[in-house]
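Participant: Please read through the structure below; I'll follow up with questions.
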Amino acid sequence: MKILLGIGGSDDSLRALERVVDRVTETGDDLTVAILRNPATEATPDGIEERVRATLDEREVTASVRHLDGDPGSELVELAETEGFDRIAIGGGETSPMGKIKLGSIAEFVLLNSHVSVTLVR
C-alpha cells in the first residue's frame, strides 16, 4: 500500500508520525511523508523534517520526505490524487468535553475533499 502522511508539526501530527511509522515497520507499506506549513503551530518545516528523519532512523524505516508549499490541505489532496497514493494519513481530532471530535482546518479539508481514502490518526 502506498501511504501519504501529512505532518504539520502539531502534537497530533507527531503522534500520527509515530503510529504510521510503527505500522509501516510491520507491514512494509511504501511511505511518503509530506511536510506541511500549519499556521496553527510555530513549528518550522526544517524542525519538522529533523523530527521526521529522527523517527525514521530510530525505527530503521526508509521513506521519502517532501515539503509542500501553498494551502496545506489542498496540496496534500492534490499530491495524493495525482501520484496514485492508496491512503492519506493525518493526525487530528481532539475530543471535546462533550465527547465530540473537533477537527483542525487541515484535517477537515482533507476529509471532505479527498477522493483517496483518509485515515485520521488520533
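Participant: For segment 19-56, what are the residues that are crowded, with 16+ Cβ neighbours inside 10 Å and among the acidic types (Asp, Glu)?
Facilitator: Across segment 19-56, the qualifying residues are 29, 49.
Participant: Do we find a residue being modelled with pLDDT of 95 or more and over 16 Å from residue 14 (Cβ atoms) anywhere in segment 94-107?
Facilitator: Among the residues of segment 94-107, not one is modelled with pLDDT of 95 or more and over 16 Å from residue 14 (Cβ atoms), which makes the answer no.
Participant: Could you give me the residue pairs with C-beta distances under 7 Å whose first residue belongs to segment 1-18 and is more than 22 Å from residue 78 (Cα to Cα) and touching a residue at least 12 places away in the same chain (Cβ under 8 Å), whose second residue is of a type in the set (Val, Ile, Thr) and assigned to a strand (DSSP E or B) wherever it lies, and which are 6+ apart or on separate chains?
Facilitator: If the second residue must be of a type in the set (Val, Ile, Thr) and assigned to a strand (DSSP E or B), the pairs left are 15/121.
The values are calculated or read from the model by the stated rules, or taken from the named source; none is laboratory data. Note that the structure is predicted; figures quoted are calculated from it, not measured. In this analysis, Cβ positions are derived from the backbone assuming ideal geometry, glycine residues included, and neighbour counts consider all displayed protein chains.
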